Ligand SMILES: CC(C)(COP(=O)(O)OP(=O)(O)OC[C@H]1O[C@@H](n2cnc3c(N)ncnc32)[C@H](O)[C@@H]1OP(=O)(O)O)[C@@H](O)C(=O)NCCC(=O)NCCS
């Protein structure tokens, strides 16, 4: 991770961020989505203050961003996140550094739970999240269709030990 900086995800990173998103989508085990959104839709859905890029000499290596899960007061401190790393930058701790930045920013803002749904076939994502302190809640069976195929989703969450 020498030389890699974690910074706020800004509009100037949009093209690279969405390209990395599409590369992850195309691999088939990251999300039910089949097409990365336009920047405007991405920007609208992601919470300000909880979106980061890993940069190496101006190149985006990966990104993380969180969205609200509900507008009900009880869930005001619960968010859902996505993390994507460029195929050429994997296995170097980039996702871990991005998750650490998200955990720090959310805890500082009083957000107590980060959740995510991960395909059981996505071994790398399950490993990264386990290392970052997420626990598995269970598996939703055949919860949605992806390219016409029913897929299971493992639900994970990280409850902050310091937000109370
Ligand atoms: C999942 C993903 C984000 C991981 O990014 P990464 O930068 O390669 O992960 P890191 O290098 O930070 O790895 C963090 C930990 O997970 C482990 N890990 C990473 N990939 C792994 C794999 N394929 N199998 C087992 N463990 C793995 C690492 O060994 C590391 O553990 P350590 O801290 O004990 O050394 C990346 O593979 C990716 O972008 N995939 C496509 C998009 C996607 O699936 N996103 C998640 C959607 S839920």
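FYI, it's all coordinate maths here, none of it is from the lab. All of these numbers come straight from a predicted model, not from anything done at the bench. Every residue, glycine as well, gets a Cβ built from its backbone with ideal geometry; the counts of neighbours run over all protein chains shown.
Sort largest first and round to whole Å: the equivalent ellipsoid semi-axes of the stretch 29-164, each the square root of five times a Cα gyration tensor eigenvalue. Before the final figure, lay out each step's value.
Details: eigenvalues 88, 81, 52 Å².
Semi-axes, largest first: 21, 20, 16 Å.
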Worksheet entry | Computed label-point distance, nm, for sites residue 33 and residue 45 using a 7 Å Cα→Cβ extension | 0.4
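What number, rounded to the nearest 500 deg cm²/dmol, is the helix-based mean residue ellipticity at 222 nm of the chain, given -39500 (n - 2.57) per DSSP H run of at least four residues and division by all its residues? Kindly include the intermediate steps, with their values, before the conclusion.
Values: 4 runs with 45 residues, N = 164.
It comes out at -8500 deg cm²/dmol, rounded to the nearest 500.
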Response to the item:
Two pseudo-spin positions, 7 Å from Cα along C-beta at residue 74 and at residue 59, lie apart in nanometres by 4.8
Worksheet entry | At R0 = 25 Å, FRET efficiency that the Cβ-Cβ distance of residue 67 and residue 1 yields, to 0.05 | 0.40
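Below 8 Å, C-alpha to C-alpha, sequence gap of six or more: please give me the relative contact order for the stretch 4-115 in percent.
27 percent.
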Worksheet entry | Scattering curve values for the stretch 76-145, log₁₀ I(q)/I(0), Debye with Cα scatterers, q = 0.22, 0.23 Å⁻¹ | -1.07, -1.14
